[in-house]
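Enquirer: Below is one structure. I have some questions about it.
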Amino acid sequence: MKPLTVLALAALALPLQAQKSLPKDRQAVLTGLDSKMAHYGGLSKQIWDWAEVGYQEVKSSALLQEELKKAGFTVQAGVAGIPTAFVATYGSGKPVVGILAEYDALPGITQDATPERKPIDSKRAGHACGHNLFGPGSTAAAIAVKEWMQANGKTGTIKLYGTPAEEGGSGKVYMVREGLFNETDVVLHWHPADNNSANPSTSLANITGKFRFRGISAHAAAAPERGRSALDGVESMNYMVNMMREHIPSDTRVHYVITRGGEAPNVVPDFAEVYYYARNKNRAIVQDVWKRIVKAAEGAALGTETKMEYEVIGGVYNILPVETLSQVMHKNLGLVGGVTYNEEETKFAEKMGESFGATFGSIKKPGDAAKISTMNTNDPVSGGSTDVGDVSWAVPTVGLSAATWVPGTAAHSWQAVAAAGTSIGVKGMMVAAKTLSLTAIDLLSDPALVQKARSDWQTARGADFKYEALLGNRKPALDYRK
């Protein structure tokens, strides 16, 4: 099947009722975003092509910085000790509204922009979480809000935070630790998904790290008694952690991959490494489970007569939701509406649906991308983790999901990579850009709304809260993907 192009995009019409209810200045913002859809789609496709992993997003970061500079933003690059992190600012005074932008890819998964499985052998990473859309979509929103401020003589400040290495690198944590959100009143974000929603949901806190075992190499057949296998250390650790699963809270998640296990079967490996994640919505449970994982590693080293050292790579809080802000975001998402596929996109979605099996046919259909989910205020929990969590404990934060993927798509899948490189992804990105823009405009126009959100947030956070990063005082793990 022929790949979809991100440039052949028709304007997304607002729901008729929404068009009538919007003031003219808001209508102008949305019309302006429609007129630039092909441009922002081109930026997203460029970042999709580059597929740069965490802390290595040199070209992707520079592309967004240049876009913001051209639009009149002042850009501070290399913040928080991270070369690919930046803050772009326009305006002055209160309120200060921030928008988050991500742009890192995931290693080990590649795919062409087609509905059939077609890896790209020349690439080592792919945008399986849609961050190629996240960055340009947020940039589009920030620029649209800036243009609204100019056109209507509005005061206040809009900030676009370029945040690298969300996928396991905890980039935003270092930015929070550096105090970059201290003067910001509210932060907005979004994420690619297979649906359109704006729930006051939380996420899973996590701690991640690499355990490195060192042994003694020897000939595995001629002199095995002289060797001490680092791989035995890793496997013994994994065995103990897997037994531990029976004795931890059932909603805890522990995952690992062996990143180094030796080079040849006839050489006792003197070095091996395993990369661990531990997650739970309660960060205190995560901290306790992590301590037990470390004990398993220590025991494995003792039992195999190897040496072990570990490095905490990342650690993030759960998201602290603010329902007041989610209500505003949900209202605006309803005004914007979802994603409507044209005939070519529908065929693409139906073909991709064949790879989902019964899930696609019985639960989700291509037309579901046009729907807006009812807001769920019953403490919904995302299955994933994000460093947006740390931001949300530093400043009131609200987000949405937009249907950039074919309904039924799982995150971190080849299907997500494929859709993120097509017009389907771009249409969802523009739904997010419009919703972020309207929400930022509401906040800039209504100081009382900002004050109410901050009051609710402070109550939820607790008077005695003191922020301490789960990754401690370590410097950014700039080489964690190398």
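Where a number appears in this text, it was derived from the coordinates with a stated rule and is not lab data. Values in this document were obtained by computation on a predicted structure and should not be read as measured data. Methodologically, a virtual Cβ is constructed for each residue, glycine included, from the backbone with ideal geometry; neighbour enumeration extends over all protein chains shown.
Enquirer: Past 23 Å, Cα to Cα: identify those pairs from Lys281/Lys466; Lys69/Lys475; Lys427/Lys452; Lys36/Lys70; Lys36/Lys364; Lys45/Lys70, in the order given.
Expert: The answer is Lys69/Lys475; Lys427/Lys452; Lys36/Lys364.
Enquirer: To the nearest 20 Debye, how big is the dipole of the chain about its Cα centre, given +1 on the beta carbon of each Lys and Arg and -1 on that of each Asp and Glu?
Expert: On the way: 50 positive and 48 negative charges, 111 e Å.
For the chain, the charge dipole is close to 540 debye.
Enquirer: In whole Å and largest first, what semi-axes does the C-alpha gyration tensor of segment 111-266 yield when each eigenvalue is scaled by 5 and square-rooted?
Expert: Gyration-tensor ellipsoid for segment 111-266: 45, 21, 17 Å.
Enquirer: Still on this model: Once the Cα gyration tensor of segment 277-344 is found, what semi-axes does its equivalent ellipsoid get, as square roots of 5 times the eigenvalues, in whole Å, sorted largest first?
Expert: Details: eigenvalues 412, 67, 13 Å².
Calculated on Cα positions only, the semi-axes equal 45, 18, 8 Å.
Enquirer: Sorted from largest down, what three extents in whole angstroms do the Cα atoms of segment 205-315 have along their principal axes?
Expert: Taking the Cα atoms of segment 205-315, the three principal extents are 50, 23, 18 Å.
Enquirer: Let me ask something additional. With unit charges on the beta carbon (Lys/Arg positive, Asp/Glu negative), name the residue among Ser138, Gly389, Gln150 whose Cα is farthest towards the positive pole of the charge dipole of the chain.
Expert: So the residue we want is Gln150.
Enquirer: Taking every Cα atom in segment 36-187, find the radius of gyration and the maximum pairwise distance Dmax, and write them in Å.
Expert: Every Cα atom of segment 36-187 included, Rg and Dmax give 15.9, 51 Å.
Enquirer: If you take the Cα Rg of the chain and divide it by 2.2 N^0.38 Å, with N the number of residues, what do you get?
Expert: Cα Rg divided by the expected 2.2 N^0.38 Å: 1.01.
Enquirer: Continuing with the same structure: Put +1 on the Cβ of every Lys and Arg and -1 on every Asp and Glu Cβ in the chain; which of Met175, Thr110, Ala419 then has its Cα farthest towards the positive end of the dipole?
Expert: Met175
Enquirer: Using θ = phi - 60° and the Karplus form 6.51 cos²θ - 1.76 cosθ + 1.60, what ³J(HN,Hα) does each residue of segment 109-121 get, whole Hz, x for Gly and Pro?
Expert: With coefficients 6.51, -1.76 and 1.60, one gets 9, 10, 6, 6, 7, 10, x, 10, 4, 8, x, 9, 5 Hz.
Enquirer: Applying a 10 Å radius around every beta-carbon, put 50-61, 465-476 in order of their mean neighbour count, most first.
Expert: 50-61, 465-476
Enquirer: So for segment 206-270, what percent of the C-alpha to C-alpha distances run longer than 13 Å?
Expert: 67
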